Amino acid sequence: MVVTGVSRTYPAPAGPPAGVFDVSAHFGPGSFVTISGPSGSGKSTLLNLVAALDHAERGSIVVDGTDIVAAGERDRASYRLRTVGCLFQDAPLVGELSIANNVVLPGLLAGLDRRAAASRAAELLDRVGLQARAGHFPGQLSVGQRQRAALARALMNRPRLVLADEPTGNLDRATGHQVMELLASVRAEGCTVVVVTHDPEIAEAGDQHLRLLDGRAQS
């Protein structure tokens, strides 16, 4: 993935605009990338741009040869569904669906038949240690279990890029370590993993580290 001169600004209540400004970076395939910086430095903004959840005003973000900034909305939607898996701090699962059905959902949206999607979901829930909780609902799980379920959902369509925004922010140290080990195992299979974090230990664990300050990449 190559990010070149990307900018996205937002008006601030007082002072200069916030966002990211002319950020460039090259993340190699199969790399484990960490993005750090103080609150308000633009970490989540950059991740949302790479996830195509927001749109850059300038610059390019090229993934697998496609510039998602220049792409049309249909292609961006397909990219979000098939190329990227997102893991957020608050693990926003669908409360009315069982854990198994939460994991199955992206597969069905991508066109998998239900049997294949269910098989893939069972495989992933076993991988994250939640096979015994497949029929439970999100409200019946601990915070750490919900985060592991959200990771299984993010991996449903075999993404080539996994983006995690403060994935251990709501977790105790032991559970956070477990989630990071799962992310590392994803990277070991050739998937590029990008983690936004405030944790210095996690930041230093990446084989590539991008630090942002006031929306700008620091050398």
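Below are the figures for this structure:
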{"item": "Strands (runs of 3 or more DSSP E) enclosed by segment 14-73 - at least 2 residues per element that are over 24 Å from Leu182 (Cα atoms)", "result": "18-26, 58-63"}
{"item": "Segment 32-59, residues that are of a type in the set (Ser, Thr, Tyr) and under 17 Å from Asp199 (Cα atoms)", "result": "Thr34, Ser36, Ser39, Ser41, Ser44"}
{"item": "Some residue of segment 191-204 being among the small types (Gly, Ala, Ser) and closer than 14 Å to Thr34 by Cα", "result": "yes"}
{"item": "Qualifying residue in segment 165-181 (condition: within 13 Å of the chain's Cα centre (by Cα) and of a type in the set (Asp, Glu))", "result": "yes"}
{"item": "Helices (runs of 4 or more DSSP H) lying entirely in segment 133-219 (those with 2 or more residues that are free of Cβ contacts under 8 Å to residues at least 40 places away in the same chain and either surrounded by fewer than 17 Cβ atoms within 10 Å (Cβ to Cβ) or among the small types (Gly, Ala, Ser) (or both))", "result": "173-188"}
{"item": "Inter-residue pairs, beta-carbon under 7 Å, first aliphatic (A, V, I, L, M) and in segment 6-21, second part of a loop (DSSP other than H, G, I, E, B), 6+ apart", "result": "Val6/Ala56; Ala18/Ala12; Ala18/Gly40; Ala18/Gly215; Val20/Gly42; Val20/Gly215"}
{"item": "Extreme residue, surrounded by the fewest Cβ atoms within 10 Å (Cβ to Cβ), among residues of segment 78-96 that are out of contact with any helix residue (DSSP H, G or I) (no Cβ under 7 Å at 6 or more places or on another chain) and assigned to a loop (DSSP other than H, G, I, E, B)", "result": "Glu96"}
{"item": "Every pair of residues 6+ apart whose Cβ atoms lie under 6 Å, when the first sits in segment 89-111 and is touching a residue at least 24 places away in the same chain (Cβ under 8 Å) while the second is polar (S, T, N, Q) and assigned to a helix (DSSP H, G or I)", "result": "Ala91/Gln147; Leu93/Asn102; Val94/Asn102"}
{"item": "Failed condition for Asp126, given (1) at pLDDT 95 or above; (2) surrounded by 15 or more Cβ atoms within 10 Å (Cβ to Cβ); (3) assigned to a helix (DSSP H, G or I)", "result": "(2)"}
{"item": "Residue ID - nearest to Arg160 (Cα to Cα), chosen from residues in segment 97-123 that are part of a loop (DSSP other than H, G, I, E, B) and aliphatic (A, V, I, L, M)", "result": "Ala110"}
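Results for (1) under 30 Å from Ala116 (Cβ atoms); (2) touching a Gly at 6+ places or on another chain (Cβ under 6 Å); (3) modelled with pLDDT of 95 or more, shown as yes or no for each residue.
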{"site": "Ala150", "(1), (2), (3)": "yes, no, yes"}
{"site": "Val162", "(1), (2), (3)": "yes, yes, yes"}
{"site": "Thr175", "(1), (2), (3)": "no, yes, no"}
{"site": "Val179", "(1), (2), (3)": "yes, no, no"}
{"site": "Ala188", "(1), (2), (3)": "yes, no, no"}
{"site": "Val193", "(1), (2), (3)": "yes, no, yes"}
{"site": "Ile202", "(1), (2), (3)": "no, no, no"}
{"site": "Arg216", "(1), (2), (3)": "no, no, yes"}
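Results for (1) under 20 Å from the mean Cα position of the chain (by Cα); (2) of a type in the set (A, V, I, L, M); (3) at negative phi, shown as yes or no for each residue.
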position: Thr4; (1), (2), (3): yes, no, yes
position: Ser7; (1), (2), (3): yes, no, yes
position: Pro29; (1), (2), (3): yes, no, yes
position: Ser44; (1), (2), (3): yes, no, yes
position: Ala52; (1), (2), (3): yes, yes, no
position: Ile68; (1), (2), (3): yes, yes, yes
position: Glu73; (1), (2), (3): yes, no, yes
position: Ser78; (1), (2), (3): yes, no, yes
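The values are calculated or read from the model by the stated rules, or taken from the named source; none is laboratory data. Here the structure is a predicted model, which means the values were calculated and not measured. Glycine gets a Cβ as well: all are built from the backbone with ideal geometry, and neighbour counts include every protein chain shown.
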